[in-house]
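Report on the structure given below.
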Amino acid sequence: MQPEQRTMNLFKKKKQTEYKATSLTALTWQRFKKEWEGMVSLGFILLVTLVAVLGYLITPDSTPYCNHQQLEIALRSPGFTVRELQVRPEHDVPRVGFVRKMLFGQPAQYRTIPVSDVRLSEDSIWVRPLEQDEWMAFSRQDVAPQPVITKRFLLGTDRYGRDVLSQLMLGTRVSLSVGFLSIFIALVIGIIVGAVAGYYRGRVDDVLMFIINVVWSIPTLLLVIAISFALGKGFWQIFIAIGLTMWVDIARVVRGQVISLREQEFVESGRALGYSNLRIIFKHILPNITGTIIVIAASNFSSAILTEAGLSFLGLGVQPPTPSWGMMMKENYAYIVLDKAYLALVPGAAIMLLVLSFMLIGSALRNAMDVRG
């Protein structure tokens, strides 16, 4: 083989290797993998999502809402370990299926009593409840087959004796659910309004921009509070309230992008072929601004999480006993000046890390989709 031919073959192989991924999605993913902040953030978000999906299957406290209260062990420090006697309830509690437990939890099978000392005999069990001097006797028929268990609370307990780690893990469901559902509502409204305003222009654009500017002029938090009062407090109402306030910036960005694309040759070709305006908007223009929409959605996701936490802290968001990070901060903020500051700092740190992760992913996506890079 001639040296020129060998050089040409090597050049072709190099080019094939460099351009092996020809689709825009594959090229964007290759560039995104080079952004280490984005990859670390993506891994953290996937971990949080996994915790939210598995839910009660992996929480130390698998009772509904992780609301198993034991006042005897309230406000215990992280790493606290205690022995507990399992007493049969008056009525048997049926076990639920795998999926139902994952979604809604499993009611406690036994009533638990924290104990400091245990003495076993053939037909009875003598225990001394925690921080008490008197002994209590239970027959073997009144307790579980495994009468005494040992529990460790890695993040301690709150003022009601609930496991802080379990509440923190289950709180991921509220934060991620608020983000996904509110952003979905905001995207639907924002994309439709912005695309219609940018494509039709004229009087339609003037009317829609007037509505956008009016909503834009109202502070987001005040508007969310007003909508929350109108809809009422609750789990689903908070999604709608946040979604109805976050569509404005999406509409403004989409409108600007559509205005810059509506005079392009491919749009003129669609009109010449007789395509309807809706087909041109949704099948030809919007796919070209998908990257911009993804970046702004990632940014708004973090804003939705912060808004929900703020509303829950004010008592206008998700209501007890549903655990949320904002509610945990509200219940424990007074301990910041005491020796239990971690009760408020831990959920605050969780909010900070999740918001930071979405902000870094948005920045990494912007860099990966920048054609000038």
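Val215 fails exactly one of the following numbered conditions: (1) surrounded by fewer than 18 Cβ atoms within 10 Å (Cβ to Cβ); (2) in contact (Cβ under 8 Å) with a residue 60 or more places away in the chain. What is the number of that condition?
Failing condition for Val215: (2).
Residue under question is His91, and the condition is that it be farther than 27 Å from Leu154 by Cα and in a loop (DSSP other than H, G, I, E, B); does it hold?
Numbers: farther than 27 Å from Leu154 by Cα: yes; in a loop (DSSP other than H, G, I, E, B): yes.
Criteria met by His91.
Mind counting the residues in segment 245-263 that are of a type in the set (Asp, Glu) and either touching a residue at least 24 places away in the same chain (Cβ under 8 Å) or part of a helix (DSSP H, G or I) (or both)? Break it down stepwise before answering.
At the first step, the residues of segment 245-263 found to be of a type in the set (Asp, Glu) are 249, 263.
Then keep just the ones that are either touching a residue at least 24 places away in the same chain (Cβ under 8 Å) or part of a helix (DSSP H, G or I) (or both); that gives 249.
Residues in segment 245-263 being of a type in the set (Asp, Glu) and either touching a residue at least 24 places away in the same chain (Cβ under 8 Å) or part of a helix (DSSP H, G or I) (or both): 1 in total.
Taking the condition of being within 30 Å of Val193 (Cα to Cα), buried (at least 22 other Cβ atoms within 10 Å of the Cβ) and not hydroxyl-bearing (Ser, Thr, Tyr), how many residues in segment 298-340 meet it?
10
Can you confirm whether Ser324 is under 14 Å from the mean Cα position of the chain (by Cα) and modelled with pLDDT of 90 or more?
Details: under 14 Å from the mean Cα position of the chain (by Cα): yes; modelled with pLDDT of 90 or more: yes.
Yes; evaluated as a whole, the condition is true for this residue.
Yes/no matrix, rows are residues, columns are (1) basic (Lys, Arg); (2) more than 16 Å from Trp325 (Cα to Cα); (3) in the same structural domain as Pro78 (by TED's automatic domain parsing):
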| residue | (1), (2), (3) |
| --- | --- |
| Trp126 | no, yes, yes |
| Leu130 | no, yes, yes |
| Phe138 | no, yes, yes |
| Gly171 | no, no, no |
| Leu176 | no, no, no |
| Ala186 | no, yes, no |
| Gly190 | no, yes, no |
| Tyr199 | no, yes, no |
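Looking at Phe358, Phe282, Phe266, which one is within 28 Å of Ser41 (Cβ to Cβ), touching a residue at least 12 places away in the same chain (Cβ under 8 Å) and either assigned by TED's automatic domain parsing to the domain that holds Gly194 or in a helix (DSSP H, G or I) (or both)? First the steps, then the outcome.
Details: Phe282 fails: within 28 Å of Ser41 (Cβ to Cβ); Phe266 fails: within 28 Å of Ser41 (Cβ to Cβ).
Checking each option against the conditions leaves just Phe358.
Kindly indicate whether any position in segment 145-155 is part of a helix (DSSP H, G or I), free of Cβ contacts under 8 Å to residues at least 40 places away in the same chain and at negative phi.
Initial filter on segment 145-155 (part of a helix (DSSP H, G or I)): none.
Among the residues of segment 145-155, not one is part of a helix (DSSP H, G or I), free of Cβ contacts under 8 Å to residues at least 40 places away in the same chain and at negative phi, which makes the answer no.
Are any of the residues in segment 191-207 acidic (Asp, Glu) and loosely packed, with under 15 Cβ neighbours inside 10 Å? Give the derivation first.
Taking segment 191-207 and keeping what is acidic (Asp, Glu), we get 205-206.
Filter once more, so that each one left must be loosely packed, with under 15 Cβ neighbours inside 10 Å: 206.
Checking segment 191-207: at least one residue is acidic (Asp, Glu) and loosely packed, with under 15 Cβ neighbours inside 10 Å.
What single numbered condition from (1) in the same structural domain as Pro129 (by TED's automatic domain parsing); (2) buried (at least 17 other Cβ atoms within 10 Å of the Cβ) fails to hold for Glu35?
Tallying (1) in the same structural domain as Pro129 (by TED's automatic domain parsing); (2) buried (at least 17 other Cβ atoms within 10 Å of the Cβ), Glu35 fails exactly one: (1).
The values are calculated or read from the model by the stated rules, or taken from the named source; none is laboratory data. Owing to the predicted nature of the structure, the values given are computational and were not obtained by experimental measurement. Using ideal geometry, Cβ is built from the backbone for each residue, glycine included, and neighbour counts are taken over all protein chains shown.
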